[in-house]
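Everything below concerns the one structure shown next.
The values are calculated or read from the model by the stated rules, or taken from the named source; none is laboratory data. From a predicted model like this one, the values you see are computed outputs, not experimental measurements. Here the Cβ positions follow ideal geometry from the backbone for every residue, glycine too, while neighbour counts run over all protein chains shown. Just the protein is used for accessible areas: all its heavy atoms, side chains included, with ligands, DNA and RNA removed. Shrake-Rupley method; radii C 1.70, N 1.55, O 1.52, S 1.80 Å.
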Amino acid sequence: MKTCANRHKRIGILTGGGDCPGINAVIRAVAKKAINDYDMDIVGIEDGYDGAVNDKHKKLENSDVSGILTLGGTILGTTKKVNPYRYAIKKGDGFEYKNMSRAVIRNIERLDLDCLVVIGGDGTLGIAYKLFKDGIPIVGVPKTIDNDIIGTDITFGFDTALSIATEGIDRLHSTAQSHHRVMIVEVMGHNAGWLALLSGIAGGGDIILIPEIPYQMQHIVAKIRERHRKGKRFSIIVVAEGAKPKGGSVVIQRLVKESSDPIRLGGVGFILSDQIEKATGNETRAVVMGHLQRGGSPTAFDRVLATQLGSKAVDMIAAKKFGHMVAMQNSRLVSISLRDVAKGHRSVPVDHPLIKTAISLGTCFGQ
Ligand code: F6P
């Protein structure tokens, strides 16, 4: 591998894990800045780590990244199924797993890349840290609608998902009111409650259930009854897909065997719906916002954030700040070590000021 001298570097760019609005805005910022300011060459690795293992790539010119700022998804493609250190190969009805990290290193050498920009969530960035330790100069960019990456106050994609979830809650509010129903809105967020907490507050949810605060049914029922007594014959419940009852476990929608993170959450809203209808006698419906939250054009906030993160990532490459991720802390762009990022995910602290505020406004957290 060449050492990163400050002229005519070749940088690879890869998007891994679930897509989210704003990825293309990052790709555009990285490519334009790298080409315009540093005269670098940009190579897009296709389909996340699958392209890194199987050498799928395309050169990106200014024209390839022009007009993609507002575009949802990722022009490079992505996958949640490939981990080069545990690469799944179909064998009979199942899979066998191989360490293919050498293939990634070989492909990066063959492409003559000086470094790799990895745009991803906690899983993708955890793998990036391993690749960095194995010798690949890497700069990470935090991406996820879940907002759960350690070391950054905000990830791009979150604001868009939050707006979509909030619009969903708003729309359900009016129909819940007309039919005197309990409406449950299940939102994504994986094992973190950021999306449920903020959309619940923005949408005026009466009950917000997040993974960090295991719920108890008697408190949910008591809140619905209390609202009835006060003449409110409907209730809105915003539940995170990762929410669980006290002493219980999360609801798993499916297992993706070949994925390094095989558990796909989902379905808690329907379970709650049955339980609440039985316990209160109130007609109850559940809606799962699902992948709607990940699709479509990014908000203005996410476009700006993605542009800032992409631009800073290129400056980090020029400064040889590898093994680091660009992050936003207290509204300032900083870089933090991928070692710290790889330690896990960022949960909502149970004493978060927003939880306190919501409680003081009468919101129930199922406890
Ligand atoms: O991490 C992003 C996310 O959308 C989570 O909120 C959700 O749990 C998961 O990905 C869904 O994954 P998939 O796209 O594989 O269904």
Practice item. Being in contact with a strand residue (DSSP E or B) (Cβ under 6 Å, 6 or more places away or on another chain) and assigned to a loop (DSSP other than H, G, I, E, B) is the filter; apply it to segment 279-299 and report the residue that is farthest from the ligand (Cβ to nearest atom). Key: Asn282
**Study point:** Residue ID - modelled with the highest pLDDT, chosen from residues in segment 100-158 that are open to solvent by 40 Å² or more (accessible area, probe 1.4 Å) and within 16 Å of the ligand (Cβ to nearest atom)
**Key:** Ile150
Study note, to complete from the structure: The lone condition Val334 fails out of (1) surrounded by fewer than 16 Cβ atoms within 10 Å (Cβ to Cβ); (2) more than 22 Å from the chain's Cα centre (by Cα); (3) β-branched (Val, Ile, Thr); (4) closer than 24 Å to Ile127 by Cα is (2)
Review point. Could we say that Val251 is modelled with pLDDT of 95 or more and closer than 13 Å to Met188 by Cα here?
Key: yes
Study note, to complete from the structure: All-but-one check, Glu226 against (1) farther than 21 Å from Asp170 by Cβ; (2) touching a Leu at 6+ places or on another chain (Cβ under 8 Å); (3) away from the ligand (no atom under 16 Å from the Cβ), failing number (2)
Review point. Can you name every residue in segment 173-204 that is β-branched (Val, Ile, Thr) and either open to solvent by 50 Å² or more (accessible area, probe 1.4 Å) or under 15 Å from the mean Cα position of the chain (by Cα) (or both)?
Key: Val187, Ile201
Exercise for review: Only residues in segment 250-266 that are without any contact (Cβ under 8 Å) to a residue 40 or more places away in the chain count as the first member; pair them with residues that are open to solvent by less than 40 Å² (accessible area, probe 1.4 Å) and more than 11 Å from the ligand (Cβ to nearest atom), Cβ under 9 angstrom, at least 6 apart or cross-chain, and list the lot.
Suggested key: Val251/Ala243; Val251/Gly267; Val251/Val268; Val251/Gly269; Ile252/Gly267; Gln253/Gly267
Check your understanding: What residue, among those in segment 67-99 that are basic (Lys, Arg) and either open to solvent by less than 20 Å² (accessible area, probe 1.4 Å) or not in a strand (DSSP E or B) (or both), is nearest to Val30 (Cα to Cα)?
Key -> Lys80
Study note, to complete from the structure: Gly168 vs (1) part of a helix (DSSP H, G or I); (2) more than 20 Å from the chain's Cα centre (by Cα): all pass except (2)
Study note, to complete from the structure: All-but-one check, Met183 against (1) farther than 26 Å from Gly267 by Cβ; (2) hydrophobic (A, V, I, L, M, F, W, C); (3) touching a strand residue (DSSP E or B) at 6+ places or on another chain (Cβ under 6 Å), failing number (1)
Revision key, fill the gap. Of the listed residues (Ile208, Ile276), the one being over 17 Å from Ile355 (Cβ atoms), in contact with a strand residue (DSSP E or B) (Cβ under 9 Å, 6 or more places away or on another chain), among the aliphatic types (A, V, I, L, M) and touching a residue at least 60 places away in the same chain (Cβ under 8 Å) is Ile276
Point to revise | Which listed residue, of Lys321, Lys356, is open to solvent by 70 Å² or more (accessible area, probe 1.4 Å), of a type in the set (Lys, Arg) and under 30 Å from Ile224 (Cβ atoms) | key: Lys356
Review point. Out of segment 263-278, which residues are away from the ligand (no atom under 16 Å from the Cβ) and over 20 Å from His173 (Cα atoms)?
Key: Ile271, Gln275, Lys278
